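Quick notes on the structure that follows.
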Amino acid sequence: MQTTSWAGCHIPLITPFKDDLSVDEAGLRKLVNYYIEEVGCDGIVPCGTTGESPTLDHQEHARVIEVVIKEARGRVPVMAGTGSNSTKEAIEMTKHAEGSGASASLQVCPYYNRPTQDGLLKHFEVIATSTKLPLFIYNIPSRSARLIEAKTMIALSQIDNIIGMKDACGDMMITMDIMRATRVSKKKFYILSGEDALTFPMLTLGGDGGILAVAHVIGKEYREMIKLFRAGKINEAREIHFQTLPVVKALFIETNPVPVKEALTMMGLPAGKLRLPLVPLRPENRQILRDTLIQFGILKG
């Protein structure tokens, strides 16, 4: 099952839109190549929250995944976001991603319908049995309104093709409980940060890297931080963590991916419009973002 290492810095790719709000496929291809060739990311994750997946219809969702996989050409693994609050829909999207050549699937915690822990367990179990793809479970209660508790995640980690999690639970005690239980497992269970600012602290506890929206802008720095940490150069990695923290804060000054798409536009990369209900950055926050990117040397003054 685990022929690919999932450690490192993964890009939860934005979905660029044209002025008419259709998917900009040429821009999407450009971004894939930029992050592989220029940034040197360790993986790409299309159709996640940062990719505005809630506003993609099923056909667009499938097409974005197909384009990313085709353009990546096996240079880095593609972890397709195929989760849903409908188990049936998640299975359909996951099977499509598998048939399209995805390397893995990211399964978000079901949102809005707020299942019990037993319901969550059953949801992910059924999806896992429907596919041969490795699955990562995305724990993000701030968006899904339901926490995947440590005991549930630990139980899920025992399923053969559930090989990791994207952790944005916001509670390091929960994260540590999961780490403590899974680190002695015979099967490698990857723990990737989904809280960008906590990537370094999670590395110190045994985390493997992250799926990081800020890597759209400071991907080289975050990849280097992870690389240095894994090489035992802890102090150097810590320096990058603190140096980049103002950029991380600025990139979350409003709801993700609004600041990220604005930053990419400033950098001359294809990002395009936002789909409602997301709206552009407020002018004062746009200025804060721009000033921070200039200060960090990402933009010229």
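The values are calculated or read from the model by the stated rules, or taken from the named source; none is laboratory data. Please read these numbers as outputs of a predicted model, since none were measured by experiment. Because the Cβ atoms are built from the backbone with ideal geometry, glycine has one as well, and the counts that use them run over all protein chains shown.
For the range 241-280, the candidate set comprises residues that are of a type in the set (S, T, Y) and closer than 20 Å to E221 by Cα; within that set, the residue that is farthest from the chain's Cα centre (by Cα) is T265.
In the condition set (1) outside any helix (DSSP H, G or I); (2) surrounded by fewer than 17 Cβ atoms within 10 Å (Cβ to Cβ); (3) in contact with a helix residue (DSSP H, G or I) (Cβ under 6 Å, 6 or more places away or on another chain), D177 is compliant with all but (1). Which residues, counting only those in the range 251-301, are modelled with pLDDT under 95 and either over 25 Å from N33 (Cα atoms) or aliphatic (A, V, I, L, M) (or both)? Listed by number, the list holds a single entry, G301.
For (1) surrounded by 19 or more Cβ atoms within 10 Å (Cβ to Cβ); (2) under 29 Å from S144 (Cα atoms); (3) within 17 Å of the chain's Cα centre (by Cα); (4) without any contact (Cβ under 8 Å) to a residue 24 or more places away in the chain, each residue gets a yes or a no:
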| residue | (1), (2), (3), (4) |
| --- | --- |
| E37 | no, no, no, yes |
| G43 | yes, yes, yes, no |
| E60 | no, yes, no, no |
| V78 | yes, yes, yes, no |
| G83 | yes, yes, yes, no |
| K88 | no, yes, no, yes |
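For every residue, the table says whether it meets (1) among the basic types (K, R); (2) within 24 Å of L228 (Cα to Cα); (3) without any contact (Cβ under 8 Å) to a residue 40 or more places away in the chain.
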| position | (1), (2), (3) |
| --- | --- |
| V126 | no, no, yes |
| Y138 | no, no, no |
| K151 | yes, no, yes |
| L156 | no, no, yes |
| S193 | no, yes, yes |
| F200 | no, yes, no |
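The helices (runs of 4 or more DSSP H) falling completely within the range 228-301 that include 2 or more residues that are charged (D, E, K, R) and surrounded by fewer than 16 Cβ atoms within 10 Å (Cβ to Cβ) map to 234-250, 283-295. Tell me yes or no: at least one residue of the range 262-278 is in contact with a Lys or Arg (Cβ under 6 Å, 6 or more places away or on another chain), farther than 30 Å from D160 by Cα and of a type in the set (A, V, I, L, M). Yes, that holds for at least one residue.
For M93, the conditions (1) buried (at least 20 other Cβ atoms within 10 Å of the Cβ); (2) in a loop (DSSP other than H, G, I, E, B) all hold with the exception of (2). One residue stands out among those in the range 1-23 that are touching a residue at least 12 places away in the same chain (Cβ under 8 Å) and over 24 Å from G83 (Cβ atoms): the one that is surrounded by the most Cβ atoms within 10 Å (Cβ to Cβ), which is K18. Of all the listed residues (P54, P46, P16), the sole one being in contact with a Leu (Cβ under 9 Å, 6 or more places away or on another chain) and within 30 Å of G119 (Cα to Cα) is P46.
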